[in-house]
């Protein structure tokens, strides 16, 4: 991938992070204010628009032509070969409540999740950055990362629960040790460093903007990402489709989870 596209991606992620962190200290009370309905059909919060406007402003002025796919603006055609699949704030509810676990997630691809070639997930409160480039590995804060060969003997997972639970997640919630953290991109990235052994969203409600970057990061770190039926996950770079997700450190664990469906 051209270096200038990667530089542009990092510029958007870094500036978005700075903008949100600055606003946290001065405008936190506005974060949860509704600003209308986004292209994905869900309410746009003040923090979402604040963050997305950074990307729109940079891309409009950029000499490097890259399209944008974002939950609020939808698809914006700038005449580029590549598209930035962006979730400007993944974990909006966490951010609005002051829970320090939310990210900027940006994947760079052409038409599908499977052809995403570069991904960045930045934890906004901590500044930690996960990066992956297809066939070049995954990194946390510029240090190479790999999933553990085997999960911990005391399995620790993160599951989509609450309104988004299904039979699979409900079954898994009664086993081992469970968290439900509310930020898909970071929850998936946690698998790459052994902080979590697996992540499951049993219902089909995840959009590509949520996972475009983290799917590549998990796979480049040696992990596996499938749907709830255990099939390798792929989907268009579009807001039209929703999917279930299982991300884990190895195939054996994936099969164990799928057997519960």
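All conditions but one from (1) at pLDDT 95 or above; (2) in contact with a helix residue (DSSP H, G or I) (Cβ under 7 Å, 6 or more places away or on another chain) apply to residue 160; the one that does not is (1). When region 180-215 is filtered for residues that are assigned to a loop (DSSP other than H, G, I, E, B) and farther than 17 Å from residue 148 by Cα, the ones remaining, listed by number, are 180, 181, 182, 183, 207.
Considering region 136-163, and only residues there that are touching a residue at least 40 places away in the same chain (Cβ under 8 Å) and exposed (fewer than 15 other Cβ atoms within 10 Å of the Cβ), the residue that is nearest to residue 242 (Cα to Cα) turns out to be 136. Taken as a whole, the structure leaves residue 86 outside the set of residues that are touching a residue at least 24 places away in the same chain (Cβ under 8 Å) and either more than 18 Å from the chain's Cα centre (by Cα) or in the same structural domain as residue 205 (by TED's automatic domain parsing) (or both). Taking the condition free of Cβ contacts under 8 Å to residues at least 60 places away in the same chain and assigned by TED's automatic domain parsing to the domain that holds residue 129, does residue 63 pass? Against the criterion (free of Cβ contacts under 8 Å to residues at least 60 places away in the same chain and assigned by TED's automatic domain parsing to the domain that holds residue 129), residue 63 qualifies. For region 116-128, the tally of residues that are over 12 Å from the mean Cα position of the chain (by Cα) and either in a loop (DSSP other than H, G, I, E, B) or closer than 19 Å to residue 18 by Cα (or both) stands at 7. Considering every residue within region 174-181, establish whether at least one is modelled with pLDDT of 95 or more and crowded, with 23+ Cβ neighbours inside 10 Å. No: region 174-181 contains no residue that is modelled with pLDDT of 95 or more and crowded, with 23+ Cβ neighbours inside 10 Å. Against the condition surrounded by fewer than 16 Cβ atoms within 10 Å (Cβ to Cβ) and not assigned by TED's automatic domain parsing to the domain that holds residue 136, how does residue 240 come out, does it pass? Taking the combined requirement at face value, the residue satisfies it. What number of residues within region 233-253 satisfy the criterion of being over 15 Å from the mean Cα position of the chain (by Cα) and free of Cβ contacts under 8 Å to residues at least 40 places away in the same chain? So the count comes out to 4. Taking the criterion of being without any contact (Cβ under 8 Å) to a residue 24 or more places away in the chain, touching a helix residue (DSSP H, G or I) at 6+ places or on another chain (Cβ under 8 Å) and over 14 Å from residue 91 (Cβ atoms), the only residue of region 174-206 that qualifies is 178.
In region 191-207, what residues are farther than 15 Å from residue 226 by Cα and buried (at least 24 other Cβ atoms within 10 Å of the Cβ)? Correct list: 192, 196.
Only a single criterion out of (1) touching a helix residue (DSSP H, G or I) at 6+ places or on another chain (Cβ under 6 Å); (2) crowded, with 21+ Cβ neighbours inside 10 Å is not satisfied by residue 213, namely (1).
The values are calculated or read from the model by the stated rules, or taken from the named source; none is laboratory data. Computed from a predicted model, the values in this text were never measured in an experiment. Positions of Cβ are generated from backbone atoms using ideal geometry, with glycine treated the same way; all protein chains shown enter the neighbour counts.
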